[in-house]
Amino acid sequence: MSAPTPNPRQAGVLQTVREHGTATVEALAERFGVTLQTVRRDVKMLSDAGLLARFHGGVRLPGSTIENIAYRQRQALHEDAKRRIARAVARAVPDGCSLVINIGTTTEAIARELLHHKGLRVITNNLNVAAMLSDNPDCEVIVAGGVVRQRDRGIVGEATVEFISQFRVDIGLIGISGIEADGSLRDFDFREVKVAQAIIRCSRQLWLAADHSKFNRPAMVEVGRLDQVDTLFTDSPPPAPFDTLLAEAGVTRVVADDARAADPGDPP
């Protein structure tokens, strides 16, 4: 049985998602002047036909199967965990979307795994991420201005915050130094935290990549809170009380190499 032909509005929904990579149900309803229920029916028809893929609260282009990218082993703590997290994140990133990626070895591992993605627009304050993704000919890389930290080639400062604040992106992808039991996300460098907060503000969806060692790890400066995160990518089930905190905050939990890891749209 052949798939139904989209009506003009459904064709418009499809074109909108193709242009932007992802779209929320609310934004589509506003754009086309219809109810949320109407958009959900349109989205169901288009996803049943294989033209769109649904995630919690929105739709994206169907993801292609991407071969995991081999990368040079580095002397880094929890390197295998970061690599598995990176693969889970890469499976969830749709082609044709916009991202902001911040400083950190986990986000650098993720950048390596995005080298075969198509049509990405990536804004970053991490020169290592920029160098890696510049090897992807189908990825536009935009580098934030500011002060370069010699130890990790991260870019920080007020100029960086101001630059990133200009954008509105599909996915903000951040690493973190610690997640405390009060639900706070924490880091050490105040200048880096200010940039991370700008990323949180400019992102339609916020994805946090954190291995198991980040839970209950104290750090001085608060970046934000768990209820600002849409999806957490980690390498093992979080310990108590974080499992409860994540559920209460409505955060989708993706455990790398879990059977559910390819779909962050599932409920936590």
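The values are calculated or read from the model by the stated rules, or taken from the named source; none is laboratory data. Only a predicted model underlies this, so the values are computations on that prediction, with no experimental measurement involved. Positions of Cβ are generated from backbone atoms using ideal geometry, with glycine treated the same way; all protein chains shown enter the neighbour counts.
Only one of I142, I123, I171 is within 16 Å of V89 (Cβ to Cβ) and at pLDDT 95 or above; which?
When all the criteria are applied, what remains is I171.
Here's the yes/no breakdown for (1) farther than 30 Å from I176 by Cβ; (2) of a type in the set (K, R); (3) modelled with pLDDT under 80:
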| position | (1), (2), (3) |
| --- | --- |
| R9 | yes, yes, no |
| V13 | yes, no, no |
| T16 | yes, no, no |
| L28 | yes, no, no |
| F32 | yes, no, no |
| G50 | yes, no, yes |
| H56 | no, no, yes |
| I66 | no, no, yes |
| Y71 | no, no, yes |
Okay, helices (runs of 4 or more DSSP H) sitting entirely in the stretch 78-158 with 1 or more residues that are touching a residue at least 24 places away in the same chain (Cβ under 8 Å), more than 24 Å from A256 (Cα to Cα) and out of contact with any Leu (no Cβ under 7 Å at 6 or more places or on another chain), I get 127-133
Restricting attention to the stretch 208-220, does a residue exist that is assigned to a strand (DSSP E or B), at pLDDT below 95 and either of a type in the set (D, E, K, R) or not assigned by TED's automatic domain parsing to the domain that holds I101 (or both)? no
Among the residues listed as S203, S165, the single one being among the small types (G, A, S), out of contact with any Asp or Glu (no Cβ under 6 Å at 6 or more places or on another chain) and surrounded by 16 or more Cβ atoms within 10 Å (Cβ to Cβ): S203
